[in-house]
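Reading through the structure tokens given below for one structure.
What follows is calculated from the coordinates using simple rules that are stated; it is not laboratory data. The shown structure was predicted, so the numbers you read here are calculated from the model rather than taken from an experiment. No Cβ is skipped: glycine too gets one built from the backbone with ideal geometry, and neighbour counts run over all protein chains shown.
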Amino acid sequence: MNDAFPHTDRITLTGIRVQAHHGVFDFERENGQEFVVDVIAWLDLSAASGTDDLSRTVHYGELAEEVADAVATSPVDLIETVAERVANVVLGHEAVMVTEVTIHKPHAPISVPFGDVSVTIVRRRR
């Protein structure tokens with residue numbers, strides 16, 4: 001077992017696409033842009049797999065919707081803030097002990113050619 005994380009089991013959602021209005025520039029807030037979110041939720045899946053009981057895990061369809069809602073609401077300046085908001089949503093699920101959240105801003109207003117810009121945070125249940 002990895003000391004950084006309490007469990008090796010995880011649920012991973014990648015590429016959740018959300019139109020939102022975050023950014024420090026007025027045109028970002030006015031026009032909006034696409035944000036792409038990756039979430040990893042570390043939890044113990046043995047009870048769920050042993051009983052085949054959805055209530056003993058995290059419903060990843062519902063989690064995806066909650067993440068999308070968290071990204072789409074209340075514009076902020078920084079994608080760091082968006083990542084923190086998403087981490088709080090993921091950790092709101094009792095089974096999740098650790099989460100890693102990456103927020104991609106593929107159309108960020110950067111003056112040089114680039115493929116992606118992203119912020120990744122890791123948060124643990126307190």
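Tabulated results
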read-out	value
Estimated [θ] at 222 nm from DSSP helical runs (n ≥ 4, -39500 (n - 2.57)) normalised by residues in the chain, nearest 500	-8500 deg cm²/dmol
Calculated FRET efficiency for the pair residue 44/residue 126, C-beta based, R₀ 25 Å, to 0.05	0.90
Contour minus Cα-Cα distance for residue 54 and residue 112 (0.36 nm per residue)	16.3 nm
Whole-Hz couplings from phi, Karplus 6.51/-1.76/1.60, listed for segment 113-126; x for Gly and Pro	x, 8, x, 6, 10, 8, 10, 10, 10, 10, 10, 10, 4, 8
Fewest-first sequence of 21, 93 by Cβ atoms within 10 Å of each Cβ	21, 93
Acute angle (nearest 10 degrees) that the helix 60-72 long axis makes with the longest principal axis of the chain, alpha-carbon atoms	30
In degrees, nearest ten, helix 79-91 long axis to first principal axis of the chain (Cα)	20
Peptides 110-119, 66-75, 38-47 ordered by average Cβ neighbours within 10 Å, highest first	38-47, 66-75, 110-119
Separation between Cα centres of segment 31-83 and segment 92-107, rounded to whole Å	6
Simple label model, 7 Å out from Cα along Cβ direction - residue 74 to residue 24, nm	2.1
